[in-house]
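> One structure, pasted below without further comment.
None of the figures in this text is laboratory data; all of them are computed from the coordinates on show. Keep in mind the model is a prediction, meaning the values are calculated, not measured. Cβ placement follows ideal geometry from the backbone for every residue including glycine, while neighbour counts extend to all protein chains displayed.
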Amino acid sequence: MKKFAIMAMAGMSMMLGSCKDKEQTSQDDFKYEVDAFADLQILRYKVPGFESLNLQQKEMLYYLSQAATEGRDILFDQNGRYNLAIRRTLEAIYENFDGDKTNKEYKEFETYLKRVWFSNGIHHHYGEEKFLPGFSNEFFEKQVRALPADKVPVKEGQSIDDFLAMIEPIMFDPAVMPKKVNQESGVDLIVTSANNYYGEGVTQADVEAFYGKMKDPNDHTPISYGLNSRLVKENGIVSEKTWKVGGLYSPAIERIVNWLEKAKAVAENDAQVKVIEELISFYKTGDLKTYDQYAIAWVQDSLSRIDFVNGFTETYGDPLGMKASWESVVNFKDMKATKRTEMISSNAQWFEDHSPIDPRFRKEKVKGVTAKVITVAQLGGDCYPATPIGINLPNADWIRKDYGSKSVTIENIMDAYDKAAEHSGFNEEFVWSQAELDLLHNFGFQTDILHTDLHEILGHGSGQLLAGVSADAMKEHGSTIEETRADLFGLYYVADPKLIELGILSDADAYKAEYYKFMMNGLMTQLTRIEAGKNIEESHMRNRQLIAKWVFEKGKPDNVVEMKQRDGKTFVVINDYTKLRNLFGELLAEIQRIKSEGDYNAAKQIVEDYAVKVDQTLHNEIIARYQKLELKPYKGFINPVLEAITDGNGKITDIKVTYTENYTDQMMRYAKEFSSLPTYND
Ligand code: ZN
């Protein structure tokens, strides 16, 4: 499973900001914003701590990074059978074009190429629908015909005319391959999805019959059938083409294996050697039992500093949820941040005992969960450029149950989102005054992450139900109440002096940043994600408004929080942070009571009163102000360049990290250095 920025964090709506086209630098001159086009913004991330690793660790990260990039073509081909042909044609045009580059059609061509790179194909990475070129067929044909003959990736025996007749409808006709993954009910999901996990002519009934036979309902360690193959129909016979050395995608997989062999030679310990050996064995045999052995070895290796994902992992791209897209995340543990989460986790009992709830609802023995915090050094395949901020693997339920799972938070990616958001103009538009801007600048990121930690590590695990109360007594309001409870736990404790005592926070006022951000988001700015005229449906959004509105209303007699007007615009102003904390505590006590007693009617009442309804006038105002900022809704990341420095004998003496490559250069370099697959993989 992956966690993306859009839904992930309480304050994340602030992080959805972007910087339009203006280029800015942060205080330390690191440039987070790289490029912007269509509905996308490209950022880069830093790899803090890389310099402090030893040479062996750096070398390992280097080999794993090479392995992470070698699989890129696999994903293009998985996403659609003409994607590599289209990308290579566009790249050839990009390199050979000698016309007017200020021309509108050429600009549209550039945008389309950048979008194809971003989506690893011709369908939107998030919406799944095909996006169309903004340039004409005529422009495209003219450019293709102007290319040197050997630069056009024709199929064997094809003329340029044949090639154009094949490729143009795929690119230009909205009715051809309109969706990558179709989830609509009532149609054949396989036939109507444009992905390349199933060959031409394969129907949903074929797939269900083929895999239905394999599945054994009594198997307690079920194999993930279909995970690493394309299902094809040839002469009426349905069979699998496995992605492995000697099978489909062999040229790319051979290279991945080659880099993994080098990584193995510099591995940190035996557990890590075993992980890599199992993975290599899986790539060589395609055997899914070996894949499970690899997943188990991977989840059991908790001590290594360096870690990675490399392979056929997530199944979001298959409407039937069986075929996995190729991806890679190369990372190392962030020791300092992991210490923070471990510190919170190991003090779980103290937080439980001091929680402002009725003692009957406290847990006698509570254990915090620990999520490792990591620093990403390289992203590949389905994690690039669209990047998760958290990962929880493996996906096989039985392995999770018997061996556990690894849950990781990717802090350097979250940091880059936050830094880029600072340049978006979002805070300047919605924040009341310089005092709050300063608070957010100084402590916003730190306390937002801390609030998320408290929510995830302690909040959900805290409290208990009274005997006889059912776990789903809250019915349809279950997740709103549960998220409200966890958020309040985090809000209450983010202001606690205990965090300073534990050395997690250094400034007694830091929490005010999270309080301001939370109230502004819950009372106003999260409405930017809802269409005008609609109410709030999503449970995280409901929980935030429930909390913000409740404390706003209850604090009115003391003027704790105000909505003020200036120049026809509405702002949130917090007048008394201490009283605000007490209100969060009061609400936590009430929400815990509702949950512990299973008081469904009270849950329904509080959700209806505070969480759902939207003030239409305010909503319209917020949407209008937000639109003026012209922010890009989606973001992705390019990689830093890891370069091996060698001595006269070719021995690696250091690995250098640089951050100067731009989006187009990186994509064109990958097309040259990491593109081993044929254009057509049948
Ligand atoms: Zn939660």
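> On each of the three principal axes of the Cα atoms of the chain, give max minus min coordinate, whole Å, ordered largest first.
81, 62, 58
> Moving on. For the stretch 55-115 and the stretch 477-491, what is the separation of their Cα centres, given in Å?
Comparing the Cα centres of the stretch 55-115 and the stretch 477-491, I get a distance of 43 Å.
> Turning to a different aspect of this structure: May I ask what percent, to the nearest 5, of DSSP beta bridges between residues of the chain are antiparallel?
Values: 45 of 55 bridges.
Of the beta bridges lying entirely in the chain, close to 80 percent run antiparallel.
> Here is a further query. What does the charge count near E364 come to, summing +1 for each Lys or Arg and -1 for each Asp or Glu among other residues with Cβ under 12 Å from its Cβ? Can you show the working numbers first?
Working: positive: R360, R362, K363, K365, K367; negative: E352, D353.
Value of the local net charge: +3.
> Ok, one more. Cβ under 11 Å from H460's Cβ, H460 left aside: what net charge do those residues give with Lys, Arg +1 and Asp, Glu -1?
Numbers: positive: R485; negative: E456, E482, E483, D487.
That sum, taken over residues with Cβ under 11 Å, equals -3.
> Please work out the Cα center distance from the stretch 398-463 to the stretch 520-597, rounded to the nearest Å.
Each part reduced to its Cα centre gives a spacing of 19 Å.
> Continuing with the same structure: Test of understanding: ordering F489, F351 by Cβ neighbours within 10 Å, fewest first, what list do you get?
Values: F489 29, F351 21.
Listed from fewest to most nearby Cβ atoms, that is F351, F489.
> Another one. Using the 10 angstrom Cβ neighbour count as an exposure proxy, how do L466, L75, L437 rank, fewest first? Walk me through the intermediate numbers first.
Working: L466 12, L75 22, L437 16.
Fewest-to-most ranking of L466, L75, L437: L466, L437, L75.
> A further question follows. How large is ³J(HN,Hα) for each residue in the stretch 528-539, as worked out from phi by the Karplus curve 6.51 cos²θ - 1.76 cosθ + 1.60 (θ = phi - 60°), to whole Hz, x for Gly and Pro?
4, 8, 10, 5, 4, x, 8, 9, 8, 10, 5, 5
> What GluC sites (Glu not before Pro) does the stretch 300-370 have in DSSP loop regions with at most 13 other beta carbons within 10 Å?
Listed in order of number, the matching sites are E364.
> Can you give me the long-range amide H partners of A377? Hydrogens built in the peptide plane at 1.01 Å from N, cutoff under 5 Å, separation of 5 or more residues or another chain.
Result for A377 returns V330, N331, F332.
> Jot down the radius of gyration and Dmax of the stretch 81-191, Cα atoms only, both in angstrom.
14.7, 49
> What's the ranking of 668-674, 423-429 by average number of surrounding C-beta atoms within 10 Å, highest first? Don't skip to the end; give the middle numbers.
Numbers: 668-674: 14.6, 423-429: 18.6.
Packing order, densest peptide first, comes out as 423-429, 668-674.
> Within 10 Å of each candidate Cβ there may be at most 11 other Cβ atoms; applying that plus a DSSP loop requirement, which trypsin sites (Lys or Arg not before Pro) in the stretch 468-571 survive? Intermediate results must be reported in sequence, preceding the final value.
On the way: sites: K475, R485, K498, K512, K517, R529, K534, R542, R544, K549, K554, K564, R566, K569; in loops: K534.
When the trypsin sites (Lys or Arg not before Pro) of the stretch 468-571 are filtered for loop state and at most 11 Cβ neighbours within 10 Å, K534 remain.
> Shifting gears a bit: Whole angstrom only: what separates the Cα centroid of the stretch 245-319 from the Cα centroid of the stretch 186-242?
24 Å
> Now a separate question. For the stretch 81-191, how many pairs of lysine residues have a Cα-Cα distance under 17 Å, where the two are 8 or more positions apart or belong to different chains?
9
> Counting only residues 5 or more places away or on other chains, whose amide H sits under 5 Å from the amide H of S229 once H atoms are built in the peptide plane?
W243, A324
> Run the helix sum for the chain: -39,500 (n - 2.57) per DSSP H stretch of 4+ residues, divided by residue count, reported at 222 nm to the nearest 500 deg cm²/dmol.
Counting only the DSSP helices, I get -14000 deg cm²/dmol.
> Over the Cα atoms of the stretch 554-682, how large are the radius of gyration and the largest Cα-Cα distance (Dmax), in Å?
When restricted to Cα atoms, the stretch 554-682 yields Rg and Dmax of 27.8, 77 Å.
> Along the charge dipole of the chain, which of A486, Y294, F131 sits closest to the positive end, that is, farthest toward it, with unit charges on the beta carbon of Lys, Arg, Asp and Glu (+1, +1, -1, -1)?
Among A486, Y294, F131, the one farthest towards the positive end of the dipole of the chain is A486.
> Let me ask something else. Which order do peptides 130-143, 608-621 fall in by mean Cβ count within 10 Å, highest first?
Values: 130-143: 16.8, 608-621: 15.2.
With the highest mean Cβ count within 10 Å placed first, the list reads 130-143, 608-621.
> Moving on. Is the C-alpha gyration tensor of the stretch 489-576 telling us rounded, prolate or oblate? Criteria: a/c under 1.5 is rounded; beyond that, a/b larger than b/c is prolate, otherwise oblate.
Numbers: a/c = 2.15, a/b = 1.55, b/c = 1.38.
Prolate, because a/c is 1.5 or more and a/b exceeds b/c.
> Tally Lys/Arg at +1 and Asp/Glu at -1 over every other residue whose Cβ is under 15 Å from the Cβ of S405; what's the total? List each step's numbers first, then the result.
Working: positive: K2, K3, K372, R400, K401, K406; negative: D292, D301, D307, E314, D397, D402, E456.
Net of charged neighbours comes to -1.
> Turning to a different aspect of this structure: So what are the ³J(HN,Hα) numbers for the stretch 608-615, from phi and the Karplus equation (6.51, -1.76, 1.60; θ = phi - 60°), rounded to whole Hz, Gly and Pro as x?
5, 6, 10, 9, 9, 6, 10, 6
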